[in-house]
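Every number here is computed from the coordinates shown, using simple stated rules; none is lab data. Since the structure is predicted, the reported quantities are computational estimates derived from the model, not experimental observations. We place every Cβ from the backbone using ideal geometry, glycine too, and count neighbours over all the protein chains shown.
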Amino acid sequence: MTASFSITMGPGGKWSAYIGKGKSVTLTAAGDSANVSALLYHAAYPSERYNMPDSLKAQHTAFYTAGHVLMSDQGRVLASIIEDTAGWHDPLGGYTTRKGTDGKYGPTSYQQERNAWLRSGEENLTVELYRHNLTPRDLSAPVNFFSKVVCELDGTMRYVPQPTDGRSVTLRTEMDVLLVVSNTPHPLNPSAVYPGAAVEIRITDAAPMTEDDLCVNHCGENRRAFENTWNAYALMKGAN
Amino acid sequence: MSTFQAVASERNAADAVYNHIIAAGEGWIYDLFPGQVLRIVDVEGNQAVDTLFYSKEDPGDHYSAVRTITRQNNIYLTTGSVLVAESGRELLQITADTCGRHDTLGGACSAQSNTVRYSHDTLPMHNCRDTFMLMLAGRDEFTKRDLAPNVNFFMNVPVTPEGELTFADGVSGPGRYVELTALAPVTVLISNCPQLNNPCNAYNPTPAQVLVWNAEGGEGDV
């Protein structure tokens, strides 16, 4: 194991980085009502990116937990969820907007509140995308780590509070990725108080994959997506 | 269980300014003026019509599934639903619907997702993503990055409170339709789904019909 890297996003914080394949990325929440809106792209060719419908329909799920993988629009695995003590991560609720943030929590500004002003997912993600020469054109459905949204049979979406204080979720990168994250509230969290959970991101080398790997063996769909991923890397690797 | 509410339209096909049949497996791209009404007809029933929308004024601003469903607090679309773009811009509103419920989460089939979902040997099969890409490639204002999670009209993707998501037999039937009124200049992109590996088209892809009516006060009137 090499030395680990860690960074903590305070409430409203944002972060992005290129992360090589085979890394373990653990998000740990220090508080309840935590929510991290996350987007994933292929590091070198970011037009390949996390695709919400492709991931959900392949795994017959409307939420993520350990064993699930985050697939790209090219039928490959960008990252897999190898550990999870939170239980449910929401792929449906989107990210907060400036308008929604001002409307729910009251208008704030840098001029008045300085760095305590309330950030939105829309602005955080836009800035971190733009840093990597991407634009709002590249915004799409994020994964909302730590949040639970249940859909009733009539389609109604219901935010369900789940304990997040001290809980963590660990991703293993299966490709070289660009990870973009925003520690901003879940849009459907009805609380009128802006959530205040800091989230630590800790990155180490992942343990080597074993034959009984939870994510590869989760379902035939996942195995085929891994096979697509391994084939793509085999094609990119030079012969000499 | 959910209640399907059918809302019929008074519009007469003879008054439409545009009337076209999209064969199974074909694509269609069309620009709507604000106030124009688009009707999509499931001619023979149980046909998934994969559809994306873009702002004509800002083609990089694509339909946003998550902003649309979060805004209405419901994952299904029906009469009254407002379809919004990634910027929050209102693109269209569903103003009639005799099917009652349309999918926002199933996305479009692709050669690559077919290999994942079914088997590696499905790679050559025709699919919606190929149609979307071919249609977008015909317009200078679009790029591959503009592919976003789409609407599947007439398609049934039930989600349970336990978080299960499945593709089920259709809730639609022959002649059922949905009408959308453009709230802004909008580009509509359709792939009439050729999927043969699941029940979204009842294993028999069939034609869809599209009709367009002008606004009450004439072209461009809101």
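Which of the residues spanning the range A:31-47 are assigned to a loop (DSSP other than H, G, I, E, B) and either of a type in the set (S, T, N, Q) or crowded, with 22+ Cβ neighbours inside 10 Å (or both)? Spell out the reasoning first.
Step one: list which residues in the range A:31-47 are assigned to a loop (DSSP other than H, G, I, E, B), which gives A:31-35, A:43-47.
If the condition is that a residue be assigned to a loop (DSSP other than H, G, I, E, B) and either of a type in the set (S, T, N, Q) or crowded, with 22+ Cβ neighbours inside 10 Å (or both), then A:Ser33, A:Ala34, A:Asn35, A:Ser47 are the ones that fit.
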Within the range A:210-217, is even one residue in contact (Cβ under 8 Å) with a residue 12 or more places away in the chain, within 21 Å of A:Phe146 (Cα to Cα) and of a type outside the set (Gly, Ala, Ser)? yes
Just give me the residues in the range A:203-213 being surrounded by 16 or more Cβ atoms within 10 Å (Cβ to Cβ) and more than 14 Å from A:Lys21 (Cβ to Cβ), in sequence order. A:Asp213
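Within the range B:151-162, can you find the residues that are part of a loop (DSSP other than H, G, I, E, B) and at the interface with another protein chain (Cβ under 8 Å from one of its Cβ atoms)?
First, pick out the residues of the range B:151-162 that are part of a loop (DSSP other than H, G, I, E, B): B:154-155, B:157-158, B:160-162.
Residues satisfying the conditions are B:Val157, B:Pro158, B:Thr160, B:Pro161.
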Name the residues in the range B:5-44 that are loosely packed, with under 15 Cβ neighbours inside 10 Å and in contact with a Lys or Arg (Cβ under 7 Å, 6 or more places away or on another chain), would you? B:Asp31
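Looking only at the range B:146-181, filter to residues that are among the acidic types (Asp, Glu) and free of Cβ contacts under 8 Å to residues at least 12 places away in the same chain; which one of those is farthest from B:Val49 (Cα to Cα)?
Checking each candidate, the answer is B:Glu162.
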What single numbered condition from (1) farther than 20 Å from B:Ala24 by Cα; (2) facing chain A (nearest Cβ under 9 Å); (3) in contact (Cβ under 8 Å) with a residue 24 or more places away in the chain fails to hold for B:Glu141? (2)
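Restricting attention to the range B:113-126, report how many residues are in contact (Cβ under 8 Å) with a residue 12 or more places away in the chain, touching a strand residue (DSSP E or B) at 6+ places or on another chain (Cβ under 9 Å) and either more than 9 Å from chain A (Cβ to nearest Cβ) or not hydroxyl-bearing (Ser, Thr, Tyr) (or both). Talk me through it step by step, then tell me what you get.
Residues of the range B:113-126 that are in contact (Cβ under 8 Å) with a residue 12 or more places away in the chain, as a first pass: B:113-114, B:117-118, B:122-126.
Among the residues that remain, those that are also touching a strand residue (DSSP E or B) at 6+ places or on another chain (Cβ under 9 Å) are: B:113.
Next, only the ones that are either more than 9 Å from chain A (Cβ to nearest Cβ) or not hydroxyl-bearing (Ser, Thr, Tyr) (or both) stay: none.
Counting residues in the range B:113-126 that are in contact (Cβ under 8 Å) with a residue 12 or more places away in the chain, touching a strand residue (DSSP E or B) at 6+ places or on another chain (Cβ under 9 Å) and either more than 9 Å from chain A (Cβ to nearest Cβ) or not hydroxyl-bearing (Ser, Thr, Tyr) (or both) gives 0.
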Only residues that are closer than 24 Å to A:Cys215 by Cα, part of a strand (DSSP E or B) and of a type in the set (Val, Ile, Thr): list them for the range A:144-190, please. A:Val149, A:Val150, A:Val169, A:Thr170, A:Thr173, A:Val177, A:Val180, A:Val181
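Against the definition (more than 13 Å from every other protein chain (Cβ to nearest Cβ) and among the aromatic types (Phe, Trp, Tyr)), how does B:Tyr76 come out, yes or no?
On the way: more than 13 Å from every other protein chain (Cβ to nearest Cβ): no; among the aromatic types (Phe, Trp, Tyr): yes.
Judged against the criteria, B:Tyr76 is not a match.
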